[in-house]
Amino acid sequence: MLNPERIVYVNGHFLPESQATISIFDRGLLFADSVYEVNAVLQGKLLETAAHGQRLERSLRELGMAMPMTHTALLELQREIVQRNQLDQGMVYTQITRGVTPQRDFAVPQGLAPSVILFSMAKELINNPVATRGLKVLLVPDIRWQRRDIKTTALLAQSLAKQQALDAGMDEAWMVEKGFITEGTSNNAFIVKENKLITRQLSNEILHGITRASLLQIAHELNLVVEERPFTPEEAYQAQEAFISSAATFALPVIAIDGHNIGTGKPGMITQRLRAIYIEKALETAL
Ligand code: PLP
């Protein structure tokens, strides 16, 4: 069969993607009243499932929702998406919305049946050409709402920022607020200075990245000094290395910020080491 359709999951059913539908009155569509997770898949196995499951539950809780099923049941759905699509390497996307409303009402309805959506995306994650080439980053103002710790699908500010970077001939945007870098459009931001790893501390101002947490753990095990604090664009321009982290990118080197070369203008050694160890360790607990 040529280009078989992806099998996706919607509200209890596995279907070819062209047959999967959702109501136009779903609060996820009308109000971005929904949360999501992205798990990387390597060797047909999902990475960091426990941490992503816990963050999903927390995001739901912060919006007054509960997990619509047990963590085990969700993991089974995610694994079935991998199997049905014969996914070897890529991502599984999971989204839960508050559900379908009878009216488009700003008041938040109670007791709706949540909508649950899952799909897979095939992608080469390990031999990502960007890992050897590196990313060019553009700094843009952070215009998002103040609860960035909740992983909601209200992603328009990030989407426009990413496009702004692409239009400027760069690969990614890092957002800046009150003179300090917050994070990337879909990743956490790190710099290395005097062999110290610097990344913004956790708060409601950034997403609490699962990959970020694991990379910091690895850094501690390598006896690297870690400073969790805000850093300025000037500090970033002069960094020895810089990189992003996310489920789908692991640690990925940044080689220029606003046209300033970072270090030698080539992917940094600490970044590459962290990336390699992350992949190795994440595979050990993959399910
Ligand atoms: N920051 C933002 C704004 C994100 O959207 C993401 C991932 O989508 C991350 C950071 C990285 O989080 P994780 O490592 O859990 O993928």
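The values are calculated or read from the model by the stated rules, or taken from the named source; none is laboratory data. This structure is a prediction, so every number in the text was calculated from the model and none was measured. Virtual Cβ from ideal backbone geometry, glycine too; neighbours counted across all protein chains shown. Accessible surface areas use protein heavy atoms only, side chains included; no ligands, DNA or RNA. Shrake-Rupley method; radii C 1.70, N 1.55, O 1.52, S 1.80 Å.
One residue stands out among those in the range 174-224 that are assigned to a loop (DSSP other than H, G, I, E, B) and among the acidic types (Asp, Glu): the one that is farthest from the ligand (Cβ to nearest atom), which is GLU194. Where helices (runs of 4 or more DSSP H) fall wholly inside the range 1-100, the ranges with 1 or more residues that are within 16 Å of the ligand (Cβ to nearest atom) and under 24 Å from TYR278 (Cβ atoms) are 49-62, 71-84.
Of everything in the range 206-230 that is more than 15 Å from ILE279 (Cα to Cα) and surrounded by 20 or more Cβ atoms within 10 Å (Cβ to Cβ), the residue that is nearest to the chain's Cα centre (by Cα) is GLY209. Return yes or no: is GLN163 more than 13 Å from the ligand (Cβ to nearest atom), part of a loop (DSSP other than H, G, I, E, B) and surrounded by fewer than 19 Cβ atoms within 10 Å (Cβ to Cβ)? No: the conditions fail for GLN163. Restricting the range 74-117 to residues that are hydrophobic (A, V, I, L, M, F, W, C) and under 18 Å from LEU42 (Cβ atoms), the residue that is surrounded by the most Cβ atoms within 10 Å (Cβ to Cβ) is VAL92.
Checked against the criterion of being more than 17 Å from VAL35 (Cα to Cα) and not assigned by TED's automatic domain parsing to the domain that holds ALA248, the candidates ARG98, ARG79 yield just one match: ARG79.
Looking at the range 32-45, is at least one residue open to solvent by less than 70 Å² (accessible area, probe 1.4 Å) and in contact with a Pro (Cβ under 7 Å, 6 or more places away or on another chain)? Within the range 32-45, none of the residues are open to solvent by less than 70 Å² (accessible area, probe 1.4 Å) and in contact with a Pro (Cβ under 7 Å, 6 or more places away or on another chain). Is it the case that SER245 is modelled with pLDDT of 95 or more, open to solvent by 30 Å² or more (accessible area, probe 1.4 Å) and within 10 Å of the ligand (Cβ to nearest atom)? Considered against the rule, which asks whether it is modelled with pLDDT of 95 or more, open to solvent by 30 Å² or more (accessible area, probe 1.4 Å) and within 10 Å of the ligand (Cβ to nearest atom), SER245 comes out as no.
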